[in-house]
Structure formats: structure tokens, C-alpha cells
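The values are calculated or read from the model by the stated rules, or taken from the named source; none is laboratory data. Note that the coordinates shown come from a computational prediction; the quantities given were computed from them, not determined experimentally. In this analysis, Cβ positions are derived from the backbone assuming ideal geometry, glycine residues included, and neighbour counts consider all displayed protein chains.
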Amino acid sequence: MRRSRNPAARCAVLASLVALSGAAVAAAGGSGAPPAPAAAQAEAAPSEATFNRDVLPILQRSCQRCHRPGTGAPMSLLTFEEARPWARAIKDRVITRQMPPWHLDRSIGEYTADPSLSDAEIATVAQWVDAGAPRGNPADAPPPLDLASLNEWTYGEPDLVVQMKEGFRIPAEGPDFYPSEIVDPGLTEDRYVKWVQIIPEAYCCVHHSHVYVSVPETTEDLEEFRLGMGSNTEEIDLIEYAMGSTGQYYPEGTGRKLPAGGLFRFAPHYHPWGEETIDRQKVGVKFYPPGEVPELIVTAHRIRTGIGHDWKLNREAVEDRLLRAGYDLDLHADRMPAGALIDDNTLNGVALLSIPPHSVVRHERFWPLPQAALVLSFQPHMHFRGKRMLLEAIHLDGRREVLTDVVNYEQTWQIVYPYREPHLFPKGTILHTVSWHDNTANNRHNPDPSGWVGWGGRTMDEMGHGWTDVAFMTDEQYARRLAEREAQANDE
Ligand code: HEC
């Protein structure tokens, strides 16, 4: 595996967008339940751990989804023979919690499909390596994972499968490329998505992939959509794939809307990796029954660092920036000018994100929820200087609650963290993100600590936004859901 030792190649094969979901754990033999409590594991931890009895079950649950033949991971970890030469590296990566990729503070929040290891599991792996990585008794080994099932639909059979018609030839060598292909799924009525998943063919070489949906009205719209220049607000980012991801499942009563006439655009990022191959990826969608509209519709929101829709909280800064950007502002207005709100790019262009050389900086962003809502997931997005991002809720009574703290952010792994129980908030609750960028030489990913960095779309520019999946609701729906939760809590 010489390739894996080349840092450049290694970096490039990183799946940049990982959305592990409930089924990742289920497929690995669990019921979607979190890792066994540390105490139970500690009791069972034998003085001398063996591969078959103690380590293999951990690899099956947390590693093999990625570390198996045909994926972009540097080596397979299915068998003792494959894992043994990597024992030291496994211990290092596991102790530092670099593997499996899951970069948050584990003491905060509960997530579906949490692949991370308990302290006891880490101790077991370390013990095994320290003891010379013994094989142990073959009779102790759990049955192997059903690998075919890992390549298939996680949640059963989809109602709609849309595949690239032509697909793309990925050469053995060459630069990464980002083609796009539009396919018409023939949607004649609005439908609501229960779950959605992308399955690629060329597992080796798909860095990550998106499927976007749009209803272009003119040929210009269509062309913009094809080029990926469509409006952020109109286009639906249906699903992202990256190594290890198992699709997205919306909790009961929630779903995404797929509009009639919507076209699908596959937007993969390919990384040539030694062998010519063809990728004709497909996306599968399970719908709510025809005519059935889920109670709540999920939409994706970016909580950007910089300036945006939080006019009231950042009013002075927003005014200042918009004036400089040439907006004719009525300084006594109680609202931001509508035109400025609509054009996301203008807001980005005047964003406050400013990262001086040789410094670690913190930015924050406040987003008062315009309606009561369920918050389903959090996905921080930054580039090379990204170091940490947290999401907190500032409740109506001023109480602050950290929902997720991604303390070891790694830009190569864009992980979606889905809440086991979505957070339910009344209107006016403020979602607050804080991001830290490390523009010093201590950051090993930093290409140039002497440069000033600001907001921008290129990888060497920076971003700092938190993606959240949100389902808005009325105050009545909120009151009902709150009552249900309280009743449930009292029952327990
Ligand atoms: C979501 C996919 C994924 C999961 C899950 C995952 N890995 Fe990895 N792993 C990768 C990729 C991709 C790389 C190469 C990039 C890197 O080094 O970070 C890697 C790198 C490694 C390396 C370094 C190999 C080298 O070249 O030195 C080790 C060791 C490792 N993983 C072990 C594990 C173990 C043990 C687990 C489970 C406890 C695990 N991984 C879970 C994808 C994954």
C-alpha cells in the first residue's frame, strides 16, 4: 500500500463529506443504539485482548464500512491478516480519536449512528496492540459483516431510482474534476422524501457527491443549473455522499419536498486513483405515500459567520457593511433592505470573516429562529484554517445550551452530526455558532500562516458556517409537541 504513504494522495482521497446515519450502526450489527456503556465494556475487558474476541467486533462496528476493498480508505481491515500490519497505526489513530472520524466533544449531545469508540474500547485496542496484537481463538470471532449490504440501500427499497445516463470516465491519473449531469426523474407531482441515498459505482474515486434539484423555468435557468450557478435559495441540495455515508433518513412526520418538474443534477467530485474506471452513480428516494404530506417540511440552513439575516443583533455592523457595499440605507429603518437580504453573494462579499496572519480568531453568528422549529442536525463547514465550531441555543430565558462542540474540526471530513432526538425550540430561540480559525504555523493544514484570509469560495479562502436541517412549525404544533415530550418524560 505505497500509495497510502504518500501524504498528498492520502489527503486527496479523503472523503470530504461524511453523513453517517442511523443505519451505519444498524448495518454493523447493532440496533442503532449507542455504543455499549463504558462500564459494561470495562467489566468485560479481558486482561489480554485478542483480535477475534475483542478487536474484530470494534472494527466491524466502527471501521469496516470504510476500511474494506474498493473504497478510498488506505487499507482493508476486514481480517486479522489485513489488520495486523497496521496495529501500531491503529492504536495511534484510535487513541488520538482521529479514527473513526468523529470530531466532537463526546460528552455533549447524543447522535444517531455515532461510530466513535468508548474509552473502554480504546483501552481494549491499545491493550491488544501492546500485547503484540495476538489473533486469539477463531471460535471467538463474530461472523463477518455482509459487505454486499453495505453497498446497497440502507433503509430498504426506494420508490424512485435515478441513475446517471452516461456517467463519467475517471482516468487512471490526472487532476480532480467536478463534472455534472442532469437527469429528469419525471416527477409529475410534488412528493415528500422519507429517505434518500446516493450509491456510486466507482467507490475508489468518488471524493464526494451531491444531488441538487431545481425546477428551471427558462433555458437560461437550465444552463445556470447545469453549471452549478443556480440560486442558493431556489435549488434544493437533496443529498450528499462521501465515503462511509449511508443516506439520510427523516424522522417520522418530517420530510423534504421534491417539487413536480424538478430535475436532478449529479455533481460529483472525482479523484483519479490509479485505475481507469466508470462511475454511473444513482440516487434512491423513498417517498411518503402519494398525496401524503408530512406534518413538517425539512429545509437546510446555513448559519454563516459574517453578516447575514441577523439584522437586529448585528445591526451596526450590517449597516456599516451594506453602506460600504453601496446600499442606499434608510438609517432609521427597522428592517434590513429586502434586496440586500435576498442576494446571498452580496452578503458574503461583505462578510466579516477576517483572519489576520499568525493568529487564532473566533467569529460568531446569531440566528433567531423566525418560527418554532425542530433542529435535526449540525454540520460545520470551514476550510484549512478551521479548528473548532460549536452550535449553541440561547433560550428565551437567556439560558445557554451547547448542542454540539466540534472541538477537533478537520476540513477533510465534513461530517453531519444528526441528533438522536431533534431539538425542539420555540420561536425566537437563538441559534449561535462560534467558529475558531487557526492561521498559525501550529495548524498542520495551514498552507501559509503569513497570509490574511477572508471569506471566499476557493479552498484557500475561508468559510465558517454551520449547516442545520430545520423543520419549522406553528406555535400550535410546537405546543403539542412540547406537551408530548413532557408527557413522555413523565412516563419514564
Ligand atoms: C468514514 C470512513 C472511515 C472510518 C469509519 C474509519 N476510517 Fe480509518 N481512514 C479512512 C480514510 C479515508 C483514511 C485515510 C486518510 C487519513 O489518513 O486520515 C483512514 C486512515 C486510517 C489510518 C491511517 C493509515 C495510514 O496510512 O497510516 C488508520 C490506522 C485507520 N484509518 C484506522 C481506522 C480504524 C481503526 C477505524 C475504526 C476504529 C477507522 N479507521 C475508521 C476512513 C475511515
Pair list, Cβ under 7 Å, 6 or more apart: segment 56-77 residue more than 16 Å from THR246 (Cα to Cα) and of a type in the set (Gly, Ala, Ser), other residue at pLDDT 95 or above and more than 6 Å from the ligand (Cβ to nearest atom): SER76/GLU82
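Each row is one residue, and each column tells you yes or no for (1) more than 25 Å from THR154 (Cα to Cα); (2) assigned to a loop (DSSP other than H, G, I, E, B); (3) more than 11 Å from the ligand (Cβ to nearest atom); (4) touching a Pro at 6+ places or on another chain (Cβ under 7 Å).
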position	(1), (2), (3), (4)
GLN60	no, no, no, yes
GLN64	no, yes, no, no
GLU82	yes, no, yes, no
ASP92	yes, no, no, no
MET99	no, yes, no, no
TRP102	no, yes, no, yes
ARG106	yes, yes, yes, no
GLY109	no, yes, yes, no
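Is it fair to say ALA441 is among the aliphatic types (A, V, I, L, M), modelled with pLDDT of 90 or more, outside the structural domain of PRO100 (by TED's automatic domain parsing) and not in a strand (DSSP E or B)? Working first, answer last.
Working: among the aliphatic types (A, V, I, L, M): yes; modelled with pLDDT of 90 or more: yes; outside the structural domain of PRO100 (by TED's automatic domain parsing): yes; not in a strand (DSSP E or B): yes.
When the stated conditions are applied, ALA441 passes them.
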Residues located in segment 228-262, provided they are within 16 Å of the ligand (Cβ to nearest atom), hydroxyl-bearing (Ser, Thr, Tyr) and modelled with pLDDT under 85: SER245, THR246
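Just one of ARG135, ARG88 is modelled with pLDDT of 95 or more, farther than 30 Å from LEU390 by Cα and within 11 Å of the ligand (Cβ to nearest atom); which is it?
Working: ARG135 fails: within 11 Å of the ligand (Cβ to nearest atom).
Of the residues listed, the single one that is modelled with pLDDT of 95 or more, farther than 30 Å from LEU390 by Cα and within 11 Å of the ligand (Cβ to nearest atom) is ARG88.
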Filter result for the condition that a residue is under 20 Å from ARG362 (Cα atoms) and within 18 Å of the chain's Cα centre (by Cα), over GLU421, GLU401, GLU392: GLU392
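The rows are residues; the columns are (1) farther than 27 Å from THR468 by Cα; (2) without any contact (Cβ under 8 Å) to a residue 60 or more places away in the chain.
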position: ALA133; (1), (2): yes, no
position: PRO138; (1), (2): yes, no
position: GLY156; (1), (2): no, no
position: MET164; (1), (2): yes, no
position: ASP184; (1), (2): yes, no
position: HIS208; (1), (2): no, no
position: VAL215; (1), (2): no, yes
position: THR219; (1), (2): yes, yes
position: LEU227; (1), (2): no, yes
